[in-house]
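Undergrad: Next up is a structure, given as structure tokens.
The values are calculated or read from the model by the stated rules, or taken from the named source; none is laboratory data. Everything quoted here is computed from the prediction, not taken from an experiment. Heads up, the Cβs are rebuilt from the backbone with ideal geometry, glycines too, and the neighbour counts pull from every protein chain shown. Protein only, heavy atoms only, side chains kept; ligands, DNA and RNA dropped before computing areas. Shrake-Rupley method; radii C 1.70, N 1.55, O 1.52, S 1.80 Å.
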Amino acid sequence: MSSPRFFAAIVRRDLLLAWQQRGDLLVGVVFFVLVACLFPLAIGPEPKLLARIGPGVLWVAVILANLLALPRLFNNDWQDGSLEQLLLSPAPASVMVAGKLTAHWLTTGIPLTLVAPLLGIQYGLESDTLLMLMGSLLLGTPTLSALGSIGAALTLGVRQGEMLLALLVLPLYAPVLIFGSGAVAAVAGGLSGMAELSLLAAILCGTLFLAPWLAAMAVRLAIE
Amino acid sequence: MKPSHNGPRWLNLFSFASPMQFYPLAGRLIPLFMVAALLFCAVGLWLGFAIAPSDAQQGEGYRIIFLHVPTSWMAMFIYIVMAFWSVMHLVLRTRLSAMMAQALAPTGALMAFLSLLTGALWGKPMWGTWWVWDARLTSMLLLFFLYLGFIALTRSIDEPDRSDKAGSVLAIVGVFNVPVIYFSVKWWNTLHQGASISMENGSSMASTMLIAMLLMSLAAWMYSIATCLSRVRTLILQRESRTRWVKERIAQEEK
């Protein structure tokens, strides 16, 4: 099977598997909504304050929801042995990882991006700010999935893997968080925010280039 | 398992990539580096605390710079060295390289921690606060977390081979991220907080201050090498505990 067809087959397979466990997908979105709803309760419902912290809070909540979904990326396949079978295929392992993280992004990043504007309205964000929020999430969430895939692969089957995953991945997420929430805050402050968006895109290109290869190396380690 | 000797032994550097060859060499080098560290430290501290003039703006409080700057430099430099050994491990598949990376990590974490701590102690009297979300402070904090992640990952995997390779992959990912983190935090600050407190007061530094600081940096360097080598020796003994040369060596030392 050629690499593009293998890639497409992996994406299709993972999407089907995700669809069979729709409840799991919903958990991430519900978690995102819950975290975002806790902030107004904790610091008070003053509209001006909420509009100011909104972009940052929503971005942090997206990152936490993404972190929650990361173990699912390889864990199920690793436990039932299908990851080993996938590695045995003649196509490069990085293509397999790229397919899996594309499916992971489609099932976590996209729903979060679609739900975010609703919460943005609750935080009183303007419409152009909401648009930038969606744009920054659209560019930022694939980076989160790609960087996270390296962490998920490294902690596969490790003692206290999920705690460790947070420690490994959250510092790496910092730049995405800063530029993502920065782009939204810039628009809210009357600037264009395109500079931050370009930097997000640059980070995305860099990670997409390196992450599948490094994650594939890490996955092979877990299998051996 | 004898390495091939083509020419004089000291020329054949690659023979030291074998843990068996490296163990005694490291043992001989540790005292040298430790003595050098103590010497540099003694002279540096004397120059820094007794001879150097007090600062025009900051009085005596600035003297913590002699600990703060060397530890900050080492914290950043050690991560790069760690990534270098990790690349060596993944490319040349030498076990010793991965051990070097793992031996460096605790020293790097210590340096990052000391840099944060001395920075906080310095910041309180000078800026009136323990902590500012300044670019340098925040990126150093994240670097500290990167070290902790590396240590936690390598320690929680029991198979040495997997632990080595996993650590190497993580160190390489981290070294790409360190500049990204640094610049992102820098731009984040300059874009949204206006001018924050600048730490660039080194330009008008007296030459004795500079020399003292460089001596302290050399001391930190020597100390890091010495601790790293001694940690590598422990790692070698752990990993090779089943081999004959380790058993013979331990039997010899027990006599």
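Undergrad: Distance between Cα centroids, the range B:117-154 to the range A:201-222: provide it in whole Å.
TA: Taking the Cα centre of each part, the range B:117-154 and the range A:201-222 sit 28 Å apart.
Undergrad: Apply 1/(1 + (r/R0)^6) to the Cβ-Cβ distance of A:L131 and A:E84, taking R0 = 35 Å, and write down the FRET efficiency to the nearest 0.05. Walk me through the numbers before you get to the answer.
TA: On the way: r = 44 Å, r/R0 = 1.26.
E(calc), rounded to 0.05, equals 0.20.
Undergrad: A further question follows. With the cut-off at 1.5 for a/c, could you classify the protein assembly as shown from its C-alpha gyration tensor as rounded, prolate or oblate?
TA: Verdict is oblate for the protein assembly as shown.
Undergrad: Now for a different question. With r defined as the distance between the Cβ atoms of B:V35 and B:K186 and R0 fixed at 51 Å, what FRET efficiency is calculated, to the nearest 0.05? Could you put the intermediate results ahead of the total?
TA: Details: r = 39 Å, r/R0 = 0.77.
Computed FRET efficiency for B:V35 and B:K186 comes out at 0.80.
Undergrad: Let me have the 222 nm mean residue ellipticity of chain A computed from DSSP H runs of 4+ only, each contributing -39500 (n - 2.57), with the sum over all residues rounded to the nearest 500.
TA: Values: 10 runs with 186 residues, N = 224.
Computed ellipticity for chain A at 222 nm equals -28500 deg cm²/dmol.
Undergrad: What is the spin-label model distance, in nm, from B:Q58 to B:L210 if the labels are put 7 Å beyond Cα along the C-beta direction?
TA: My value for the distance between the label points is 1.7 nm.
Undergrad: Tell me what chain B gives for mean residue ellipticity at 222 nm when only DSSP H runs of n ≥ 4 count, each as -39,500 (n - 2.57), the sum divided by the residue total, rounded to 500 deg cm²/dmol.
TA: Numbers: 7 runs with 188 residues, N = 255.
The helix-only estimate for chain B comes to -26500 deg cm²/dmol at 222 nm.
Undergrad: Right, next: Determine the per residue accessible area of the protein assembly as shown with all protein chains present and a 1.4 angstrom probe, expressed in square angstrom.
TA: Working: 23470 Å² over 479 residues.
On a per-residue basis, the protein assembly as shown sits at 49 Å².
Undergrad: Which of these, B:L117, B:L146, B:L218, has the largest mean-square fluctuation under a Gaussian network model of chain B (Cα springs below 10 Å)?
TA: Of the options given, B:L117 has the highest mean-square fluctuation.
Undergrad: Continuing with this model, one more query. Mind pulling up the Rg/Rh value for chain B? Radius of gyration and Kirkwood radius, both on Cα. Could you put the intermediate results ahead of the total?
TA: Details: Rg = 21.1 Å, Rh = 20.3 Å.
A ratio of 1.04.
Undergrad: With springs only between Cα atoms under 10 Å apart, run a GNM on chain B and tell me which of B:V43, B:V69, B:V175 wobbles the most.
TA: Highest fluctuation of the listed residues: B:V43.
Undergrad: Looking at the range A:1-83, which trypsin sites (Lys or Arg not before Pro) are DSSP coil and have at most 10 other C-beta atoms within 10 Å of their C-beta?
TA: Working: sites: A:R5, A:R12, A:R13, A:R22, A:K48, A:R52, A:R72; in loops: none.
Passing both the DSSP loop test and the Cβ count: no residue.
Undergrad: What length, rounded to one decimal in nm, is gained on full extension from A:L34 through to A:Q160, with 0.36 nm per residue of separation minus their alpha-carbon distance? List each step's numbers first, then the result.
TA: Details: separation 126, 0.36 × 126 = 45.36 nm, distance 2.50 nm.
Roughly 42.9 nm would be gained on extension.
Undergrad: With just the Cα atoms defining each centre, how far is the range A:18-50 from the range A:113-165? Give it in Å.
TA: First find each Cα centre; the distance between them is then 12 Å.
Undergrad: Please state the shape class of chain A: rounded when a/c is under 1.5, otherwise prolate if a/b exceeds b/c and oblate if not, all from the C-alpha gyration tensor.
TA: On the way: a/c = 2.15, a/b = 1.82, b/c = 1.18.
Prolate, since a/c reaches 1.5 and a/b exceeds b/c.
Undergrad: What percent of all Cα-Cα pairs in the range A:88-141 falls into each 10 Å bin, going from 0 up to the bin containing the maximum distance?
TA: The distribution over the range A:88-141 is 23, 37, 21, 13, 6, 0, given as percents.
Undergrad: Mind grabbing the interface size between A and B? I mean buried accessible area, both sides, 1.4 Å probe, in Å² to the nearest hundred. Please report the intermediate quantities before stating the final value.
TA: Values: alone 11290 and 14600 Å², together 23470 Å².
The contact between B and A buries close to 2400 Å².
Undergrad: Turning to a different aspect of this structure: Tally up the carbon and sulfur contribution to the accessible surface of chain B as a whole percent, 1.4 Å probe, everything protein left in place. Intermediate values should be presented prior to the final figure.
TA: Numbers: 9130 of 13420 Å².
Answer for chain B: carbon and sulfur cover 68 percent of the accessible area.
Undergrad: Work out which residues of the range A:206-224 lose at minimum 10 square angstrom of accessible surface when the other protein chains are put back, relative to the chain isolated, with a 1.4 angstrom probe, and list them by number.
TA: Listed in order, they are A:L210, A:L214, A:M217, A:L221, A:A222, A:E224.
Undergrad: Expressed as cubic angstrom per residue, what is the convex hull volume of the alpha carbon set of the range A:141-210? It would help to have the intermediate numbers written out before the result.
TA: Working: hull volume 4.9 nm³, N = 70.
Cα convex hull per residue, to the nearest whole number: 71 Å³.
Undergrad: Taking only Cα atoms and a 10 Å spring cutoff, compute GNM fluctuations for chain A and point out the largest among A:G56, A:G81, A:G120.
TA: Among A:G56, A:G81, A:G120, the largest GNM mean-square fluctuation belongs to A:G81.
Undergrad: For the range B:104-168, what ratio Rg/Rh do Cα atoms give with a Kirkwood hydrodynamic radius? Mind showing how you got there, number by number?
TA: Working: Rg = 15.1 Å, Rh = 13.1 Å.
Result: Rg/Rh = 1.15.
Undergrad: Work out the mean other chain Cβ neighbour count within 10 Å for the residues of A:142-154 and drop it here as an integer. Walk me through the intermediate numbers first.
TA: Working: counts 0, 0, 0, 0, 0, 2, 0, 0, 4, 4, 0, 2, 10.
Taking the mean over all residues of the peptide, I get 2.
Undergrad: Longest segment of chain B with no GluC sites (Glu not before Pro) in a DSSP loop having at most 13 other Cβ atoms within 10 Å?
TA: Numbers: sites that count: B:E60, B:E200.
Counting at most 13 other Cβ atoms within 10 Å as exposed, the longest clean stretch of chain B is B:61-199.
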